[in-house]
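Asks: Questions regarding the structure given below will be posed in turn.
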Amino acid sequence: MTNTEIAAIFSTIADLLEIKGDNPFRVRSYRNAALSIDQLAVTLNYIYKRDEDELEDIPGVGKGIHEKIVEIIKLGHSTLLDELLREMPKGLLEMLKIPGVGPKKVKLFYGELNISDVDALEKAAQSGELRALPKMGEKSEDKILKGIKNYRSLKEKSGRVYHRTAFLVATEIVEFMKKAPVVKRVEFAGSLRRWQETIGDIDILVGVKKNKADESTKHFIDFPGTEEVILSGLTKTTIRLKGGIQADLRVVDESQYGAALLYFTGSKAHNVILRDMAKKAGMRVNEYGVTDEETGRVVASETEEDMYKALGLEWIEPELREGLHELEAAKKGGLPKLITEKDIKGDLHFHSTYSDGSDSLSAIAKAGIERGLEYIAITDHSKAVGIARGMNEQKLLKQCAEIDKVNLRLKDNGESFTLLKGIEVDILADGTLDMDKDVLSQLDVVVAAVHSGFAMDKDKMTDRIQKAMSSGVVNIHAHPTGRLINIREPYELDIDAVITSAKDHNISLEINSHPERLDLKDSHIFLARERGVKVAISTDSHTIDTMPYMSFGIHNARRGWCEKRDVLNTMSLKKLQSYLKQ
DNA sequence: GCCGTTTTCGGCCCGACTGTTTTCAGTCG
């Protein structure tokens with residue numbers, strides 16, 4: 001069973017215990033453990049096999065959850081969950097997903113009216129049965145009906161959107177908010193600012209001059225993309241946009257902007273740990289500042305730097321704020337110096353008209369120069385990928401000759417830009433490469449990837465990739481897990497073993513920057529980096545229009561704690577060429 | 001159920017908004 005599946009079991013246990021009215025701190029423990037397990041870079045199964053007791057090194061996992069993990073690994077299910085599901089129907093869990101319906105309401109509806117799923121809840125709300133219950137009225141019924149409608153339309157779209165999708169809308173909102181004269185500062189916060197791969201809703205933070213909150217709220221509601229105002233108070237407003245995404249606005253006094261930005265950037269786990277640390281130091285942290293408990297004086301609020309500093313911490317990059325190791329590192333002054341956009345010197349995965357790309361070699365070179373790159377590796381598909389017009393040996397050699405010509409012309413024109421000869425060669429089902437080795441060894445860079453046989457079992461797939469890695473000609477292993485976010489699960493793979501092989505054969509793992517791929521994902525990047533494996537941040541562009549996607553890969557690398565030295569394509573052309581030759 | 005620079009018990013982040021009530025519980029982030 002995967003970490004995500006085991007995390008889901010604990011999360012479900014937490015929901016059911018909460019409906020039952022169990023100790024809220026026990027509920028929180030299961031929820032924390034679920035979060036922590038889902039963010040883990042190694043599999044629970046791997047830890048269990050290596051040394052069972054190490055399970056308790058996972059934050060939020062103690063004796064009780066340790067035992068339950070072992071039970072799930074051994075039996076394939078949890079007896080506690082089975083028991084809870086005998087007491088309460090599964091449909092109650094779905095009811096929790098309706099906005100405005102929480103555990104107490106679910107318990108009330110189930111206990112008093114025997115409502116056990118969303119359909120029954122809808123009927124009861126329509127017939128006006130719910131208003132007979134304590135603390136329920138007509139408005140509550142309306143709210144639930146609306147909530148059910150939204151839940152159903154979102155369910156079709158999986159609820160979370162790609163970072164890029166949310167980013168484009170959020171940028172529009174930010175620009176719109178800047179037009180209001182009362183708005184002194186505005187930016188997006190939340191998972192968007194942390195560059196999480198998918199986004200649940202958009203958080204916008206606005207700083208205004210004293211007592212000007214309502215003007216900015218009015219302006220926000222007038223955003224042309226607004227479909228419906230869900231709630232609106234003095235400092236907090238939520239709207240639903242026409243595409244279905246929800247956007248939250250928070251308005252604070254500009255003198256408290258840093259405190260609010262820190263708070264609304266999160267993550268929740270980061271905030272919880274931060275507040276706990278503050279508490280131990282006699283301070284209280286909220287969205288308005290850091291307060292010294294003893295004197296009652298606010299000691300920081302204006303900037304994030306001030307906030308962290310007041311707690312004895314370095315400023316932490318948003319991408320690191322996941323409540324994993326960053327606060328400990330900040331305390332010791334041991335935060336990484338994250339890679340930035342300007343560290344990138346080239347792109348090592350690019351398709352041209354020689355396979356399924358839409359631009360010519362010279363157009364790609366021109367675009368590379370315009371973006372200030374030193375090099376782009378042309379890596380078209382090999383023949384196994386028929387649908388992408390993959391190349392045979394002959395065509396590849398022909399392409400190499402044209403690359404030489406383009407490079408000569410660039411040199412004559414005084415350009416310091418080079419196209420590298422490369423390929424994205426297929427790793428066939430048996431682990432051999434889809435191209436003659438003698439031809440491959442003539443190239444500057446060989447990118448290898450799996451494009452078929454995704455349903456292979458875990459051991460076979462792992463062997464297949466390891467065999468390709470030991471071929472002696474591969475430099476980069478592309479989109480290592482094959483996932484498409486929200487579309488296709490990664491293929492079964494022992495990522496630990498693949499990272500070890502990459503290290504043994506000095507192969508770089510790709511961070512594919514396409515917003516639907518982001519493969520490797522953040523936690524695997526962290527693991528690779530820890531083991532000393534370099535990553536290559538590539539766009540896998542099929543048109544020059546997607547070259548800006550590099551930015552998504554960079555932020556993903558930052559989420560994996562990558563510094564400049566961890567990334568292959570931060571090397572200058574000269575360095576890279578001698579590195580690849582070795 | 002977890003956790004420990006006030007350790008093995010007694011805590012556990014903090015505040016806004018809503019709807020239903022007359023002071024607050026429930027939900028959300």
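Asks: Lys/Arg Cβ at +1, Asp/Glu Cβ at -1, dipole of chain A taken about the Cα centre: which of A:A125, A:I485, A:P515 is farthest positive-ward?
Replies: Comparing the listed Cα positions along the dipole, A:A125 ranks first.
Asks: Report relative contact order for chain A in percent, whole number only (criteria: Cα-Cα under 8 Å, sequence separation at least 6).
Replies: Details: 1043 pairs, mean separation 50.6, N = 582.
Dividing the mean separation by the residue count of chain A yields 9 percent.
Asks: Turning to a different aspect of this structure: Using unit Cβ charges (K, R positive; D, E negative) and no other charged atoms, how large, in debye to the nearest 20, is the dipole of the range A:341-581 about its Cα centre?
Replies: With only Lys, Arg, Asp and Glu charged at Cβ, the dipole is about 580 debye.
Asks: If the limit is 25 Å between Cα atoms, which of A:K460/A:K581; A:K467/A:K503; A:K74/A:K104 go over it?
Replies: A:K460/A:K581; A:K74/A:K104
Asks: Would you mind telling me the share, in percent, of accessible area of the range A:341-581 contributed by carbon and sulfur at probe 1.4 angstrom?
Replies: 48
Asks: If you take the beta carbon distance between A:Q577 and A:K149 as r and set R0 to 35 Å, what does 1/(1 + (r/R0)^6) give as a FRET efficiency, to the nearest 0.05? Walk me through the intermediate numbers first.
Replies: On the way: r = 59 Å, r/R0 = 1.68.
The calculated FRET efficiency here is 0.05.
Asks: Next question. For A:T340 and A:E71, compute 0.36 nm times the residue count separating them, minus their Cα-Cα distance, and round to one decimal in nm.
Replies: 92.5 nm
Asks: Have a look at the DSSP beta bridges in chain A and tell me what percent are antiparallel, nearest 5. Mind showing how you got there, number by number?
Replies: Details: 27 of 58 bridges.
Of those bridges, close to 45 percent are antiparallel.
Asks: Among the lysines, select those whose C-alpha is under 22 Å from the C-alpha of A:K236, and discard any that sit fewer than 8 residues away in the same chain.
Replies: Cross-link targets: A:K97, A:K139, A:K143, A:K146, A:K178, A:K179, A:K184, A:K209, A:K210, A:K212, A:K218, A:K268.
Asks: Report relative contact order for the range A:1-66 in percent, whole number only (criteria: Cα-Cα under 8 Å, sequence separation at least 6).
Replies: 34
Asks: Related question: Looking only at the range A:141-279, where both bridge partners belong to it, what percent of the DSSP beta bridges are antiparallel (to the nearest 5)?
Replies: The antiparallel fraction comes to roughly 70 percent.
Asks: On to the next question. Considering only protein heavy atoms, with the full assembly of protein chains and a 1.4 angstrom probe, order A:E374, A:E563, A:E328 by accessible area, largest first.
Replies: Accessible-area ranking of A:E374, A:E563, A:E328, largest first: A:E328, A:E374, A:E563.
Asks: Just need log10 I(q)/I(0) for chain A at q = 0.11 Å⁻¹, Debye formula, equal scatterers on the alpha-carbon atoms, no solvent, rounded to two decimals.
Replies: Reported log10 I(q)/I(0), two decimals: -1.18.
Asks: Placing +1 at every Lys and Arg Cβ and -1 at every Asp and Glu Cβ, with all other atoms neutral, what dipole size does chain A have around its Cα centre, in debye to the nearest 20?
Replies: 1040
Asks: Let's test the formula: R0 of 30 Å, r as the Cβ-Cβ distance of A:K20 and A:D57. What FRET efficiency results, to the nearest 0.05?
Replies: 0.50
Asks: Based on the mean of other Cβ atoms within 10 Å per residue, sort peptides A:44-52, A:100-108, A:227-235, A:379-387 so the most packed one is first.
Replies: Details: A:44-52: 14.8, A:100-108: 17.7, A:227-235: 13.0, A:379-387: 19.7.
Going from most to least packed, we get A:379-387, A:100-108, A:44-52, A:227-235.
Asks: How many percent of the accessible area of the range A:161-257 is carbon or sulfur, using a 1.4 Å probe?
Replies: Of all accessible area on the range A:161-257, carbon and sulfur atoms account for 52 percent.
Asks: In addition: As I understand it, the dipole of chain A uses +1 on the Cβ of Lys and Arg and -1 on the Cβ of Asp and Glu, about the Cα centre. Which of A:Y288, A:F10, A:V169 lies farthest toward its positive end?
Replies: Positive-end residue among those listed: A:Y288.
Asks: Another question, then. To the nearest 20 Debye, how big is the dipole of the range A:161-257 about its Cα centre, given +1 on the beta carbon of each Lys and Arg and -1 on that of each Asp and Glu?
Replies: 280
Asks: Extension gain A:K242-A:E415, at 0.36 nm per residue separation less the Cα-Cα distance, in nm? Intermediate values should be presented prior to the final figure.
Replies: Numbers: separation 173, 0.36 × 173 = 62.28 nm, distance 4.67 nm.
So the extension gain works out to 57.6 nm.
Asks: A further question on this structure: Just the accessible area per residue of chain A, please: how many Å² with a 1.4 Å probe?
Replies: Per residue, chain A has an accessible area of 47 Å².
Asks: So, R0 is 35 Å and r is the distance between the beta-carbons of A:K123 and A:D214; what FRET efficiency does that work out to, to 0.05? Don't skip to the end; give the middle numbers.
Replies: Values: r = 39 Å, r/R0 = 1.13.
The pair A:K123/A:D214 has a calculated efficiency of 0.35.
Asks: For the range A:3-156, which semi-axes, largest first and in whole Å, follow from the square roots of 5 times the eigenvalues of its Cα gyration tensor?
Replies: Ellipsoid semi-axes (Å, largest first): 35, 15, 13.
Asks: To continue, here is another question. What does the extension gain come out to for A:S232 and A:S362, with contour length at 0.36 nm per residue minus their alpha carbon separation?
Replies: Computed gain between A:S232 and A:S362 is 41.4 nm.
Asks: So, one more: Between A:E175 and A:K331, how many nm apart are label points set 7 Å from Cα along the C-beta direction?
Replies: 4.4
The values are calculated or read from the model by the stated rules, or taken from the named source; none is laboratory data. Remember, it's a predicted structure, so these values are computed and weren't measured experimentally. Please note: Cβ atoms are built from the backbone with ideal geometry, for glycine as well, and neighbour counts cover all protein chains shown. Accessible surface areas use protein heavy atoms only, side chains included; no ligands, DNA or RNA. Shrake-Rupley method; radii C 1.70, N 1.55, O 1.52, S 1.80 Å.
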